[in-house]
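See below for the structure under consideration.
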Amino acid sequence: MASTSSSAPYTTLISAEQLQALQASGKPLLVFDVSFDLMKPQAGAAQFTEGHIPGAVFADLDLSLSDKSGSGQAASGGRHPLPSREHFAAWLAKAGLQHGMQVVVYDRQQCNYCVRLWWMLKWVGFDAVAVLDGGLQAWQAAGGALETEAQVHAEGDFQLSVALTDLVDAQDVLAKLGSPVQTVIDARGAPRYRGEVEPLDPVAGHIPGALNRPFTSNFGADGKFKPAAVLRAEFDELLAGHDVAGVVHQCGSGVSATPNLLAMEIAGLGRARLYAGSWSDWCSDPARPVAQG
C-alpha cells in the first residue's frame, strides 16, 4: 500500500503532494513519464517534450516497454510483447535506476499506460515503485512545476532480481479454462468484450468465462483511484464468490489490464496474475475458443 511515512517506500500509489515532498527531501528518486496514444504512437514523446515533471525519464510503451523486434526473445505474445526480464533490467539501469531509489511512474491518460511500467518493475524484482495518483493532471493541480528539457541520468546499478509478480501465458489460461481455480478479468470496454466492435485485433469477442471490468471503472471523477473500500466492494461484487487467488487479468495487449491488477492490490485483495499477451495473443490461434455477447 502507499506509505504514510517519508522513510518507507511507496509501493502502490503516491499523491502529487507526497511526490513534491519526496523531491524536496533530496532522497534518491527516479520518475518515469509513460504517456502514450495507441492510435498515435508518437504522441507520447511529443507530450513529454511539451512538458513533464522535472527530472522525469520518458518510457515509450512501444520502444522501451515492449519487444516488437521479432527476435524471438520476447517474454510474451500479443501486440505489446514483453521484453525479456534481462533486457528490461538492462534498460532500467541505463535509464538511471539505482537500488535504494524510489520510483514514481505517471502518464496523462488516466493511468492507462504507466501501470504497465509499475507492474514490469515488480516483475524484475524492484518493489519501491508507485503510480502517481491522478497522473500529470493531479501534479499540475497541486501546483507542480513542469520542464521541457530531457535530463540524462547517470547509469544506475540495478540488476535483475526475483520476480515479485506472476506472469501467465495462453497455455496456462487454456489449461484452466472453465475451472473454479481460475477467474479471468477482461479490462477492455464492454463493446469490445462483447465482440460488438474490434478496432485493433483481427477477431472480436472474449476468452470464454471471462468477467468484464473496464479499467476505467477504477477511477473517480477526479481521475484518481477510488478509495480502497470502494474498490474492494466492487471487486467482491464482480467476483461473486470466485476465489480471489485464481484471478488472471487481461485486456487487449497486456497494458490496460494492469490498472485492474493495481486496484485489486489497493483494495487489499493481493497481487493477481497477468496474462500479458491478452486478447491479441489469445485470438492469434484459431484453435482457441472465443465467446461473444
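The values are calculated or read from the model by the stated rules, or taken from the named source; none is laboratory data. Every value quoted in this text rests on a predicted model; they were computed, and no experiment measured them. Cβ: placed from backbone, ideal geometry, glycine included. Neighbour counts: every protein chain shown.
For (1) assigned to a helix (DSSP H, G or I); (2) crowded, with 19+ Cβ neighbours inside 10 Å; (3) in contact with a Phe, Trp or Tyr (Cβ under 8 Å, 6 or more places away or on another chain), each residue gets a yes or a no:
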| site | (1), (2), (3) |
| --- | --- |
| GLY55 | no, no, no |
| LEU63 | no, no, no |
| PRO81 | no, yes, no |
| TRP118 | yes, yes, no |
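Within the range 165-180, is there a residue that is of a type in the set (Val, Ile, Thr), surrounded by fewer than 13 Cβ atoms within 10 Å (Cβ to Cβ) and either outside the structural domain of SER84 (by TED's automatic domain parsing) or at pLDDT below 95 (or both)?
Within the range 165-180 (the criterion being of a type in the set (Val, Ile, Thr), surrounded by fewer than 13 Cβ atoms within 10 Å (Cβ to Cβ) and either outside the structural domain of SER84 (by TED's automatic domain parsing) or at pLDDT below 95 (or both)), the answer is no, since none of the residues qualifies.
Can you name the residue in the range 129-144 that is assigned to a loop (DSSP other than H, G, I, E, B) and out of contact with any Asp or Glu (no Cβ under 6 Å at 6 or more places or on another chain) and is also nearest to LEU22 (Cα to Cα) among such residues?
Selected residue: GLY144.
Among the residues of the range 279-293, are any among the polar types (S, T, N, Q), at pLDDT 95 or above and either crowded, with 22+ Cβ neighbours inside 10 Å or in a strand (DSSP E or B) (or both)? Before you say what the answer is, go through the steps one by one.
Filtering the range 279-293 down to residues among the polar types (S, T, N, Q) leaves 280, 284, 292.
Going one step further and asking which of them are at pLDDT 95 or above, we end up with 280, 284, 292.
Narrowing the set further to residues that are either crowded, with 22+ Cβ neighbours inside 10 Å or in a strand (DSSP E or B) (or both) leaves none.
Looking for residues that are among the polar types (S, T, N, Q), at pLDDT 95 or above and either crowded, with 22+ Cβ neighbours inside 10 Å or in a strand (DSSP E or B) (or both), one finds none in the range 279-293, hence no.
Could you tell me how many of the residues in the range 163-179 are touching a residue at least 24 places away in the same chain (Cβ under 8 Å), within 17 Å of PRO81 (Cβ to Cβ) and outside any loop (DSSP other than H, G, I, E, B)?
Total meeting the criteria: 5.
Which numbered condition in (1) more than 17 Å from the chain's Cα centre (by Cα); (2) in contact (Cβ under 8 Å) with a residue 60 or more places away in the chain is the only one that LEU38 fails?
(1)
Within the bounds of the range 135-156, is there any residue that is of a type in the set (Asp, Glu) and either under 20 Å from the mean Cα position of the chain (by Cα) or assigned by TED's automatic domain parsing to the domain that holds PHE36 (or both)?
Among the residues of the range 135-156, not one is of a type in the set (Asp, Glu) and either under 20 Å from the mean Cα position of the chain (by Cα) or assigned by TED's automatic domain parsing to the domain that holds PHE36 (or both), which makes the answer no.
Those residues that are under 18 Å from the mean Cα position of the chain (by Cα) and either among the charged types (D, E, K, R) or not in a loop (DSSP other than H, G, I, E, B) (or both), I need them from the range 12-35; list them, please.
Within the range 12-35, LEU13, ILE14, LEU30, VAL31, PHE32, ASP33 qualify.
Which residues, counting only those in the range 77-91, are of a type in the set (Lys, Arg) and closer than 12 Å to VAL255 by Cβ?
Within the range 77-91, ARG79 is the sole residue that qualifies.
Could you go through the range 190-198 and let me know if any residue there is under 23 Å from PRO81 (Cα atoms), buried (at least 16 other Cβ atoms within 10 Å of the Cβ) and touching a Pro at 6+ places or on another chain (Cβ under 6 Å).
No, because not a single residue in the range 190-198 is under 23 Å from PRO81 (Cα atoms), buried (at least 16 other Cβ atoms within 10 Å of the Cβ) and touching a Pro at 6+ places or on another chain (Cβ under 6 Å).
Within the range 218-243, which residues are crowded, with 16+ Cβ neighbours inside 10 Å and without any contact (Cβ under 8 Å) to a residue 40 or more places away in the chain?
LYS226, LEU231, ARG232, GLU234, PHE235
How many of the residues making up the range 109-129 are under 11 Å from the mean Cα position of the chain (by Cα) and among the aliphatic types (A, V, I, L, M)?
4
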